[in-house]
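Here's the structure we're looking at; comments come further down.
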Amino acid sequence: MSDKTPKEGKAKKGGNKLVLIGGAVALLAVGGGGGFAAMKMMGGGEAKAKEDNSPKLIRKGEEDPYAAKKEGEGEGAGLAEVEGDGGDEYRTAYYTFADEFTSNLKDTGALVQMSIACSTRRDGRVLLWLKKHELAIRSRFLTILADTPENDVSTVEGKERLQKRMTAAINQVLTEKEGFGGVDAVYFRTFIVQ
């Protein structure tokens, strides 16, 4: 038997539990502090401000970091691009859709056939996205044309409204696909109603 009284034995057992719990809390605190320090060092502790990575306006004379590579042959090959001193502060780049658009007009047997180009003052990513998503944009254009009455394409005001609808459609497709539009205007290269 032991020389200890029953009270001393109980106090010793309770003290051991207290030491074990205190040790576990200390280990958790040290481990948690180490984990927090590791998170801070890896940059995971605070939410960083999201960098604006949208296409930027390109001033005349500035280098476009996303410019398409120049082809060696063809019209204008070897000529340096020259910007005028007047007019808009930003350069304008154009994209021409590869094929013509042909569609029936709304509530009539008339057809419209047109070739289309558009412009942007933003960096070359917009032109790259136009090429990448041309199929989706073509589909949206054909839907717009099929919903356009013949009266709208027979007046200057109607054609201007159609251009604005097409510009909005391009920007909507690009925003859905890439998170940013960037097209400033649509232009008719040819426009025939039959």
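The values are calculated or read from the model by the stated rules, or taken from the named source; none is laboratory data. Since this is a predicted model, take the numbers as computed values, not measurements. Every residue, glycine as well, gets a Cβ built from its backbone with ideal geometry; the counts of neighbours run over all protein chains shown.
Assorted remarks:
- Residue within region 122-136 that is in a strand (DSSP E or B), touching a Leu at 6+ places or on another chain (Cβ under 8 Å), touching a residue at least 24 places away in the same chain (Cβ under 8 Å) and surrounded by 14 or more Cβ atoms within 10 Å (Cβ to Cβ) present: yes
- Selection within region 137-152 - farther than 30 Å from residue 64 by Cα and either exposed (fewer than 14 other Cβ atoms within 10 Å of the Cβ) or not assigned by TED's automatic domain parsing to the domain that holds residue 167 (or both): 143, 146, 147, 149, 151
- Search result, residues across region 139-155 that are at pLDDT 95 or above and among the aliphatic types (A, V, I, L, M): 142, 144, 145, 146
- Sole exception among (1) of a type in the set (Val, Ile, Thr); (2) closer than 30 Å to residue 194 by Cα; (3) under 20 Å from the mean Cα position of the chain (by Cα) for residue 126, by number: (2)
- Test set (1) surrounded by 20 or more Cβ atoms within 10 Å (Cβ to Cβ); (2) in a strand (DSSP E or B) - residue 102 fails condition number: (1)
- In region 153-178, the residues that are in contact with a Phe, Trp or Tyr (Cβ under 8 Å, 6 or more places away or on another chain) and either within 16 Å of residue 113 (Cα to Cα) or surrounded by fewer than 16 Cβ atoms within 10 Å (Cβ to Cβ) (or both): 153, 159, 163, 166, 177
- Some residue of region 150-170 being in contact with a Ser or Thr (Cβ under 9 Å, 6 or more places away or on another chain) and either within 22 Å of residue 58 (Cα to Cα) or in a strand (DSSP E or B) (or both): no
- Scanning region 105-118 for residues that are surrounded by fewer than 16 Cβ atoms within 10 Å (Cβ to Cβ) and closer than 23 Å to residue 57 by Cβ turns up just one, 117.
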